[in-house]
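Here's the structure we're looking at; comments come further down.
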Amino acid sequence: MTTSLKWIATAVAATVLSLTSFSSSAASAADSAPAKTVKVWDLDLAKARDVQTLYERVKQAANDVCRDEARRYRRATRRAAPLGWREQCVNGAVNAAVDEAGNRRLAALHAPSSLF
């Protein structure tokens, strides 16, 4: 696996650690933040179809991680996450993962959807 593919595979996990957590202690939040690795070994990022597949995987991983974080917050506080938090979490995780991946095709695919 090339270095760039390794970066992409760990981008979501690294991004999740940088997200703002609901916890009162930032250190413990980073240690216990949920993460998900995105599989890329089966993709050829020179192909548009495979870049689209990677983008969908990144979005799904971000959605899964943010959903788990919202559930963890609810269990800890017995309150729902603030209105709109999950959407911001997913958008922030996808934006950061795409930026960290450093793949221009992935960035181009993501650019139109990040305008809204």
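The values are calculated or read from the model by the stated rules, or taken from the named source; none is laboratory data. Since this is a predicted model, take the numbers as computed values, not measurements. Counting neighbours? That spans all protein chains shown, and the Cβs are built from the backbone with ideal geometry, glycine included. Calculation scope for accessible area: heavy atoms of the full protein, side chains included, ligands and nucleic acids excluded. Shrake-Rupley method; radii C 1.70, N 1.55, O 1.52, S 1.80 Å.
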| query | Per-residue accessible area for residue 109 at 1.4 Å probe radius, Å² rounded to 10? | reply | 60
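How much FRET efficiency would the formula 1/(1 + (r/R0)^6) give for residue 49 and residue 87, where r is the Cβ-Cβ distance and R0 is 25 Å, rounded to 0.05? Working shown, then result.
Numbers: r = 27 Å, r/R0 = 1.09.
Efficiency computed from Cβ-Cβ geometry: 0.40.
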| message | Starting from the 7 Å offset along Cα-to-Cβ, what nm value, one decimal, do you get for the label separation of residue 60 and residue 75? | response | 2.3
